[in-house]
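Visitor: Right, I'll just put the structure down here and ask away after.
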Amino acid sequence: MRLTMDKKKILVIDDDRDTLDFISGYLSDYEFTIYTAEHGAMALTILQDNCIDLLLVDLRLESESGLELARDLTQRFAVPAIMVSAITDDIEKIVGLESVLDDYIEKPVNPRLMLARIRAVLRRHQTDHDSSGDDAARPAGRYLAFGQFHLNAEKRLLVDNETGPVELTNTEYRLLELFVTESNNVLSREEIVEKLDMESSNHLLRNIDVLVLRLRRKIEPRPSMPKYLQTRRNKGYVFCLD
C-alpha cells in the first residue's frame, strides 16, 4: 500500500546519468516529486528555486566531494541528506559521525530499501518539526536534565549549565536524548537502532559503540570511568541517573 500524503520534493545529486534515471524513475511512481542534478552548481539552482524536502547525494562525485557538498547544502537550506556510495569503507567512516548525514544507501541501489529509508528520514524530520511546536508532546523537563547538563528539546541542543552549548552532531543528539529519556533502562544496540528509526546493519551496530565513546568524551568527567553512560556486558548500555 502506498502512502497518501502531499508530494515531497527530493533532489538527487549524482554525476552518473543512468543512476539518476533509475532513481528518479522509481521514486516518481510514489509520493515524490523528483529533481536531478549532476553537480553542485545545478543542485544549488534547484534548491534556490524550489522547497526541497530531502537530498540524495552521491558520495564520490567526479568534480567535487559529495560529503562537502551535502554539508554545505544542508547547512544553507536546512534540508536532510542521505548519502549514496558503492564503497562500504566510506560508509563505515561516515555513518553516525557526520552531522550532515541522516542515513545512507549502498550501491547498487536496492529500490525497496531506498524507498523505506527515504520514508523513515522524512517521517523522522516531520516528527521533529511537529514536536518542536508542541510543548505537551515533549518529555517532562526532569527527564531532559542530568548533572550539570540539560537538553533543549526545542533547539535540539545539549547545554552545559556552566559553560554553555556543547557541540553535537544530529545523530549524537538523538542518541543522547534517547538515553536520557530511557534512563536506568538497559538498551541493546539493536534496540537503539530500532528506537532511532534506523535501518539495522552490522556496521551501524558497530557505530553505536563509536557514538557512545564520543558522547562520553563530551559529558563524562572521566570518560574512561563513566558516571552516566555505562556499559552492561553482553547487554548494551544504560544511562544512569540517581
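Just so it is clear, none of the values below were taken in a lab; they were calculated from the coordinates. Please read all numbers here as calculations on a predicted model, not as lab measurements.
Visitor: Amide H of Glu182 versus every other amide H placed in the peptide plane: which residues, excluding those fewer than 5 positions away on the same chain, fall under 5 Å?
Guide: Close amide H contacts, sequence-distant or interchain: none at all.
Visitor: So, one more: Once you've got the Cα coordinates, tell me which of Lys107/Lys235; Lys195/Lys227; Lys9/Lys218 are over 26 Å apart.
Guide: Beyond 26 Å between Cα atoms: Lys107/Lys235; Lys9/Lys218.
Visitor: Using only the Cα atoms of the range 138-239, what do you get for the radius of gyration and for Dmax, in Å?
Guide: When restricted to the Cα atoms of the range 138-239, Rg and Dmax are 13.0, 38 Å.
Visitor: How large is ³J(HN,Hα), in whole Hz, for each residue of the range 116-125 in order, when computed from phi with the Karplus curve 6.51 cos²θ - 1.76 cosθ + 1.60 and θ = phi - 60°, using x for Gly and Pro?
Guide: 5, 6, 4, 4, 5, 5, 5, 5, 5, 6
Visitor: By a straight-distance test (C-alpha under 17 Å), which lysines pair with Lys155 as possible cross-link partners, with residues fewer than eight away in the same chain excluded?
Guide: Leaving aside lysines fewer than 8 places away in the same chain, none come within reach of Lys155.
Visitor: What ³J(HN,Hα) values, in whole Hz, does the Karplus curve 6.51 cos²θ - 1.76 cosθ + 1.60 give for the range 43-52 when θ = phi - 60°, with x put for Gly and Pro?
Guide: Karplus values, whole Hz, x for Gly and Pro: 4, 4, 4, 5, 5, 6, 9, 9, 8, 7.
Visitor: Quick check: from the Cα gyration tensor, does the range 30-77 come out rounded (a/c under 1.5), prolate or oblate? Can you show the working numbers first?
Guide: Values: a/c = 1.70, a/b = 1.44, b/c = 1.18.
Since a/c reaches 1.5 and a/b is larger than b/c, the shape of the range 30-77 is classed as prolate.
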